[in-house]
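For reference, the structure discussed in these notes is given below.
The values are calculated or read from the model by the stated rules, or taken from the named source; none is laboratory data. Fair warning: this is a prediction, and the values are worked out from it, not measured in the lab. Please note: Cβ atoms are built from the backbone with ideal geometry, for glycine as well, and neighbour counts cover all protein chains shown. Only protein heavy atoms, including side chains, enter the accessible area calculation; ligands, DNA and RNA are left aside. Shrake-Rupley method; radii C 1.70, N 1.55, O 1.52, S 1.80 Å.
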Amino acid sequence: MRDAFIIDAVRTPRARRKGKFSSIHPADLLTYPLNELERRHKLPLEQVEDVIVGCVTQTGEQGWCVARQSVLAAGWPISVPATTVNRLCGSGQQATNFAASSIMSGTAGLMISGGLEHMTRAPMFSDIGGEESKLLKNHHPDLVQQGLAAEILAETYAISRAQADEYALGSQSRAKKAQTEGRFKRSLAAVPYTGEQGESLLCDADDCIRETSIEALSSLKPVFKEAGVITAGNASAIVDGAAALLLANEEKVKALNLTPRARIVSMSSVGSPPKIMLTGPIEASKKALESAGLKVSDIDIWEINEAFAPVPLVVINELDIDPLKVNVNGGGISLGHPLGATGAMLMGTAMDELERTGGRYALVTMCIGLGMGIATIIERM
């Protein structure tokens, strides 16, 4: 197989729901990272062979193949195709894995991957409706929504409310430190927006990080279960955002004078118990490590999506990961989780952190609704 190189990763800031991006169409939001990739690398766009974008809520303004909408909205040549994929929360990461697979198989040389989720204009679950599947209910009569699944996860693996709140506080403090030190700046594409008074402003930083304390977090009421673990403080924040990555094979790297930042080492996706639904990162990570011939201790940076605090806590415990290597710049709890975009964003965050620290390998993994997991290992060049 050929090598698939990540040339660059660009994302919008994550903006609070009903906030700075409220007046921006989802397709328009994705144009900012797309066009920033073109600007940075002087891309001959007619050579881009496909654009693969992850998006969960593919309805309304995010329907009608929002990836193709975005490519056209960006003013790119009509010859550039695009497709939208949905692996629920793992969509943006799956889009990147698909793009890498095309390059590694030799069927493509220059690809764009990414993710998009405008949770203000295409609210979560707005794509769900109609009659419930009788066959699904027959095979899996005990399915629950993710919040209750997180409660089951916490109970099954003995994660306490205090542990979840302590983890959430750490996520907030790590994200604040990372933002203060400018660790996200390389990956950000600023987005112009209209202020409350009609003024023209620029969003150039994540705006969801909160100042909090253990006292404040412990005072919040559980959301999904009385006397439960999951609260608004230790679950991922709802935000809007988009991201794009540029991937290429060795021939395109040389022909276009590109400088690879990372190499895709291995990829995996797995199914996991659909009721508890959030344990997928454990087996997906094991599968990716085995494929790469690596051990847990070989990974310098872990990005484990913070859908709910118990998720990274359980993965850390089950795989015996050094907690100091996990989500060192915060995660979904502090920065927000724009569903289909998050996986693509985490790929860029992991690559940035490898370069900042001089590490070699990073592993990105996510839990996924209906019981799945996804993982990708990258190597710094």
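Counting the residues of region 71-95 that are in contact (Cβ under 8 Å) with a residue 60 or more places away in the chain and farther than 12 Å from S113 by Cβ gives 5. Taken over region 349-364, the criterion of being of a type in the set (A, V, I, L, M) and in a helix (DSSP H, G or I) is satisfied by A350, M351, L354.
Picking from P77, P33, which residue would you name as being assigned to a helix (DSSP H, G or I) and open to solvent by less than 60 Å² (accessible area, probe 1.4 Å)? Full working, then the answer.
Details: P77 fails: assigned to a helix (DSSP H, G or I).
Only one candidate qualifies: P33.
Restricting E199, E211, E215 to residues that are over 24 Å from the mean Cα position of the chain (by Cα), open to solvent by 90 Å² or more (accessible area, probe 1.4 Å) and not basic (K, R) narrows the list to E215.
In this entry, V51 passes the filter for residues that are open to solvent by less than 10 Å² (accessible area, probe 1.4 Å), closer than 19 Å to G343 by Cβ and not polar (S, T, N, Q). Taken across region 12-28, residues that are touching a residue at least 12 places away in the same chain (Cβ under 8 Å), assigned to a helix (DSSP H, G or I), out of contact with any helix residue (DSSP H, G or I) (no Cβ under 9 Å at 6 or more places or on another chain) and under 30 Å from K176 (Cα atoms) do not occur at all. Within region 300-317, the set of residues being surrounded by 24 or more Cβ atoms within 10 Å (Cβ to Cβ), within 17 Å of L346 (Cα to Cα) and touching a Phe, Trp or Tyr at 6+ places or on another chain (Cβ under 9 Å) comprises I301, E306, A309, P312, V315. Given the condition surrounded by fewer than 24 Cβ atoms within 10 Å (Cβ to Cβ), touching a Ser or Thr at 6+ places or on another chain (Cβ under 9 Å) and over 19 Å from S269 (Cα atoms), answer yes or no: does some residue in region 366-381 qualify? Yes: region 366-381 contains one or more residues that are surrounded by fewer than 24 Cβ atoms within 10 Å (Cβ to Cβ), touching a Ser or Thr at 6+ places or on another chain (Cβ under 9 Å) and over 19 Å from S269 (Cα atoms). Reported count of residues in region 290-320, each being without any contact (Cβ under 8 Å) to a residue 40 or more places away in the chain, in contact with a helix residue (DSSP H, G or I) (Cβ under 6 Å, 6 or more places away or on another chain) and in a loop (DSSP other than H, G, I, E, B), is 0. Scanning region 108-133 for residues that are surrounded by 10 or more Cβ atoms within 10 Å (Cβ to Cβ) and among the charged types (D, E, K, R), we see that the one that is farthest from L258 (Cα to Cα) is D127.
Quick grid of which residues meet (1) part of a strand (DSSP E or B); (2) touching a strand residue (DSSP E or B) at 6+ places or on another chain (Cβ under 7 Å); (3) open to solvent by 30 Å² or more (accessible area, probe 1.4 Å); (4) within 17 Å of G359 (Cβ to Cβ):
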site: L258; (1), (2), (3), (4): no, yes, no, no
site: S266; (1), (2), (3), (4): yes, yes, no, yes
site: P281; (1), (2), (3), (4): no, yes, no, no
site: K286; (1), (2), (3), (4): no, no, yes, no
